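Asker: Supplied in structure tokens, the structure appears directly below.
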Amino acid sequence: MNKEELIHMLLAEANKVGDDTHADLMRAAADMLWEHPDTKMFKNFHRNLCKRFGYYHDEEDWRRDLASLEEWIAKPDPRIENRLAAYQGGIALLAKEVTELKEQLKFKG
């Protein structure tokens with residue numbers, strides 16, 4: 001059995017196993033065997049994304065955390081939501097003032 005076949009077998013077995021611990025061990029073994037040339041570059045990219053978005057980067061299980069990182073990035077940021085609400089409130093206030101000024105101009109004209 002070559003390395004690629006072993007990786008595929010480990011991942012296939014990991015998907016069949018009901019016990020999370022054994023499945024995680026098989027996935028970890030497959031990860032150790034899989035050494036794609038871009039892995040280091042992608043891991044650094046993942047680390048930088050984690051740092052940028054305030055998410056914990058796990059050096060050992062970073063692949064497992066990819067979906068969680070995506071969810072973390074996609075979640076609403078309360079700072080942005082609050083700022084947006086303040087801008088919307090300001091726009092509504094300006095619109096009201098513009099309407100009032102138009103009414104005042106009608107009475108003067």
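The values are calculated or read from the model by the stated rules, or taken from the named source; none is laboratory data. Computed from a predicted model, the values in this text were never measured in an experiment. Glycine gets a Cβ as well: all are built from the backbone with ideal geometry, and neighbour counts include every protein chain shown.
Asker: Within segment 76-103, how many residues are surrounded by fewer than 10 Cβ atoms within 10 Å (Cβ to Cβ) and part of a loop (DSSP other than H, G, I, E, B)?
Answerer: Counting residues in segment 76-103 that are surrounded by fewer than 10 Cβ atoms within 10 Å (Cβ to Cβ) and part of a loop (DSSP other than H, G, I, E, B) gives 1.
Asker: Inspect segment 68-75 for any residue being assigned to a loop (DSSP other than H, G, I, E, B) and either modelled with pLDDT of 70 or more or of a type in the set (S, T, N, Q) (or both) and give the result as yes or no.
Answerer: Yes - at least one qualifying residue is present in segment 68-75.
Asker: Here is a follow-up. Testing L49 on (1) modelled with pLDDT of 85 or more; (2) among the aliphatic types (A, V, I, L, M); (3) under 25 Å from the mean Cα position of the chain (by Cα); (4) surrounded by fewer than 14 Cβ atoms within 10 Å (Cβ to Cβ), one condition comes back false. Which one is that?
Answerer: Failing condition for L49: (4).
Asker: Still on this structure, I have one more. Among the numbered criteria (1) at pLDDT 85 or above; (2) surrounded by fewer than 10 Cβ atoms within 10 Å (Cβ to Cβ); (3) over 16 Å from the mean Cα position of the chain (by Cα), which one does E59 miss?
Answerer: Answer for E59: the failing condition is (1).
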